[in-house]
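J.: Got a structure for you, questions after.
The values are calculated or read from the model by the stated rules, or taken from the named source; none is laboratory data. Predicted, not measured: the structure shown is a model, and the values here were computed from it. Cβ sites come from the backbone with ideal geometry, for glycine too, and all protein chains shown count toward neighbours.
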Amino acid sequence: MLLLFIGAIIGGLISWLITHEYYKKSSKEQKKFIEKLSKDLKEVDTLKHFEVLLEKSKWKKEFIGHNEVWISQENNTFQIHHGDFGGSFTEPWITIYPDQNASRYPVYLKIGDTTIKEITFISLDGGRIFVPMTERDSINNKPVFYWDMASLPVKVCKIIGSYYIYKDLYGVARMSKVEIRNSAFNNALQGT
């Protein structure tokens, strides 16, 4: 009987040691796996990843309440929200259109419920055209308005923009006498 009792205690100890060692090993592996997943998720939930989706994902326009929302079909937590009226807007490049009343609207890039970026868009020509606000430069002390085709606002515009009879941003730029630039191309030429 004593041998049986001693055998049960030794068996229990051996079983506990094996289980404990397996637990320690699996905890380390599990911790490494969780750290890797966490790192991967942090990289996916960034503005940089949003830009990738703007270029590679298909986007679907929805109306949620009375709000226009564009949703990435690759990952529906990535959304573009059309904000409410943000005030009147005037710059020389909008005076070419029959209806010269232009308005600013915020456009929000969201991941889930979190806004990660706000971009200003301009509604012009009676709401028939919806494009990002131009950037401004100066040449010989004269203002020059332009859109950078490699910029985030233009990438968003390719998804949500409206161009009326001008078909695309290039057509609106020609009509408005706004320059088209491409910083990505220029940087590649300069080797930066």
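J.: Of the residues that sit in segment 56-77 and are closer than 17 Å to ILE119 by Cα and at pLDDT below 95, which one is surrounded by the fewest Cβ atoms within 10 Å (Cβ to Cβ)?
T.: Among those residues, the one meeting the criterion is ASN67.
J.: May I pose another question? State whether the residues of segment 154-165 include one that is outside any helix (DSSP H, G or I), of a type outside the set (A, V, I, L, M, F, W, C) and free of Cβ contacts under 8 Å to residues at least 24 places away in the same chain.
T.: no
J.: Oh, and also: Just wondering, is there one or more residues in segment 82-94 that are touching a residue at least 60 places away in the same chain (Cβ under 8 Å), among the aromatic types (Phe, Trp, Tyr) and closer than 19 Å to LYS177 by Cα? Full working, then the answer.
T.: Of the residues in segment 82-94, the ones touching a residue at least 60 places away in the same chain (Cβ under 8 Å) are 82, 93-94.
If we keep only those that are among the aromatic types (Phe, Trp, Tyr) too, we end up with 93.
Checking the rest, the ones that are also closer than 19 Å to LYS177 by Cα come to 93.
So far as segment 82-94 goes, yes, one or more of its residues are touching a residue at least 60 places away in the same chain (Cβ under 8 Å), among the aromatic types (Phe, Trp, Tyr) and closer than 19 Å to LYS177 by Cα.
J.: So which residues in segment 144-171 are touching a Leu at 6+ places or on another chain (Cβ under 9 Å) and aliphatic (A, V, I, L, M), if there are any at all?
T.: Keep residues of segment 144-171 that are touching a Leu at 6+ places or on another chain (Cβ under 9 Å), which gives 147, 149, 152, 154-159, 161, 163.
Those that are touching a Leu at 6+ places or on another chain (Cβ under 9 Å) and aliphatic (A, V, I, L, M): MET149, LEU152, VAL154, VAL156, ILE159.
J.: Here's a check for you: in segment 45-96, which residue that is in a loop (DSSP other than H, G, I, E, B) and hydroxyl-bearing (Ser, Thr, Tyr) is nearest to LYS158 (Cα to Cα)?
T.: Of all residues in segment 45-96, those in a loop (DSSP other than H, G, I, E, B) come to 45-46, 57-58, 65-66, 73-77, 83-87, 90-91, 95-96.
If we keep only those that are hydroxyl-bearing (Ser, Thr, Tyr) too, we end up with 46, 57, 77, 90, 95.
Working: THR46: 20, SER57: 12, THR77: 19, THR90: 23, THR95: 23 Å.
Selected residue: SER57.
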